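Undergrad: There's a structure below that I have some questions on.
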Amino acid sequence: MLDNFSGNFFNSITLEQVLVNLTIALISGLIVSHSYRLSFTGLSYSPSYVRALVILSVITALVIMTIGNNLARAFGLVGAMTVIRFRTAVKDIQDIVFIIFSLAVGMAAGVNLKFIAIFSSFFIGAITIVLAKINYAFPQKSQFLIQFISSVPEDEPAYIALFKKYCKKYSLIDMLTLDDKNEFEISFNVELKNKNTIHIFIKELNAIKGISKTRFYFDDETI
């Protein structure tokens with residue numbers, strides 16, 4: 001039955017249907033990309049990647065309509081795609097998830113399943129945004145290693161007051177003299193009072209005169 005429907009649909013596809021399917025794919029792709037923007041929590045945001053998600057949905061719809069129920073076309077397109085080489089490293093697993101997300105809604109739009117394409121875009125997009133906003137799966141531990149460059153330390157450096165404000169505990173681990181004798185690379189082990197204040201802590205620490213190149217480490221990852 002599904003084969004009959006597929007055959008009838010692709011044999012009778014009109015210009016109007018093509019425009020509708022591509023428009024649905026475009027709308028779905030825009031929803032996917034906007035969901036990605038709202039849920040992004042990584043370090044290197046790429047505008048070109050966000051735009052690519054939109055175009056990928058439309059291209060997928062085009063590919064599905066081109067293949068139709070023609071097996072020869074399907075193998076031909078697969079063979080053509082094998083010559084493409086992607087050299088951009090995907091650093092975040094969620095980026096791969098959104099690529100699959102974009103492909104899926106494009107496929108739905110390509111076979112004229114408008115409701116599935118639009119509804120799933122909103123539904124799955126909303127899930128990713130909510131999970132990002134509530135910091136789902138974010139590490140619960142609040143101990144970090146912090147490193148920063150500082151000028152010659154005073155008896156009571158300004159950053160100590162900041163440590164007292166945001167940290168339960170803090171201890172000096174290492175102080176390394178740099179080539180410039182007036183600067184030191186200083187490492188502290190800190191335990192935050194509230195792990196959710198880490199970005200505010202970093203911002204205020206970087207605002208202190210003489211402090212630069214602040215880095216936080218947790219489980220071998222830089223924040």
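Only the coordinates and a few stated rules stand behind these numbers; no lab work does. Computed from a predicted model, the values in this text were never measured in an experiment. Cβ atoms come from the backbone with ideal geometry, glycine included; neighbour counts cover every protein chain shown.
Undergrad: State which entries of LYS164/LYS213; LYS133/LYS213; LYS168/LYS203 exceed 24 angstrom in Cα-Cα distance in the structure shown.
TA: From LYS164/LYS213; LYS133/LYS213; LYS168/LYS203, over 24 Å: LYS133/LYS213.
Undergrad: Sorting check: for 198-204, 110-116, 14-20, which peptide has the highest mean count of neighbouring beta carbons within 10 Å, and how do the rest follow?
TA: Top to bottom by mean Cβ count within 10 Å: 110-116, 198-204, 14-20.
Undergrad: Still on this structure: If we sort 145-151, 163-169 on the protection proxy, mean other Cβ atoms within 10 Å, highest first, what's the order?
TA: Descending packing order for the listed peptides: 145-151, 163-169.
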